[in-house]
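Taking it in order: structure first as structure tokens, then the write-up.
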Amino acid sequence: MSYGPSQIRKLSGKEPREVNLIPIMNLFIVIIPMLMTIMVSAHLAMLEITLQTGAGAGDGGEELTEEPPKTISVGLYSDRFEILVEGESEERKIPKQEDGSYNYVELDKQLSALKAEHEEQNTVQILPDSNLIFDVLLRSIDICKSNNFPNIKYMTSQKKLYRAKS
């Protein structure tokens, strides 16, 4: 026995259905903020550059006598610190302490003395050993920054490997 269509079905066919906009609104609520966070914005910066004029540039032929600051390099090894200043032949070596820990106090003293000698220098080159613990590198960088060397250059050792011809 078959039944006829129900009353609800008869009525729903005659009246227009309302469109459910909630899923579309949810989609835009999620997509628009996501697109705004992905959007790349251009940052503009103004740099003030003052170029010094050298000899022959219309200033009467005066020569510049100011020397560039000397390069300061700090080598971090598994058994010591080494500080080398450009132009000096002697390295300043700071060995580990008797208990096997690094002598950070002596490193701090040496860097503060170098800053007093080379006040115009703001950069230190750090050359860590490949087997060095990361904490030693971080503490050494912190000591350099505390002694008014804000620019730290991280240098890597370069090894050249050659293969013999057979």
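The values are calculated or read from the model by the stated rules, or taken from the named source; none is laboratory data. Remember, predicted model here, so these are calculated numbers, not experimental data. Ideal geometry is used to build each Cβ from the backbone, glycine not excepted, and the neighbour counts take in all protein chains shown.
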Tell me which residues, restricted to region 71-81, are over 21 Å from residue 119 (Cα atoms), touching a residue at least 24 places away in the same chain (Cβ under 8 Å) and not in a strand (DSSP E or B). 77, 78
Subset tally (residues that are at pLDDT 65 or above and surrounded by 11 or more Cβ atoms within 10 Å (Cβ to Cβ)) for region 42-87: 17
If you check residue 140 against the conditions, is it small (Gly, Ala, Ser), at pLDDT 90 or above and part of a loop (DSSP other than H, G, I, E, B)? no
Subset of region 82-132 [without any contact (Cβ under 8 Å) to a residue 40 or more places away in the chain and β-branched (Val, Ile, Thr)]: 83, 85, 94, 105
Under the condition of being of a type in the set (D, E, K, R) and part of a helix (DSSP H, G or I), which residue from region 88-112 is surrounded by the most Cβ atoms within 10 Å (Cβ to Cβ)? 108
Starting from residues that are acidic (Asp, Glu) and modelled with pLDDT of 90 or more, keep the ones in region 96-134 and report whichever is farthest from residue 79 (Cα to Cα). 108
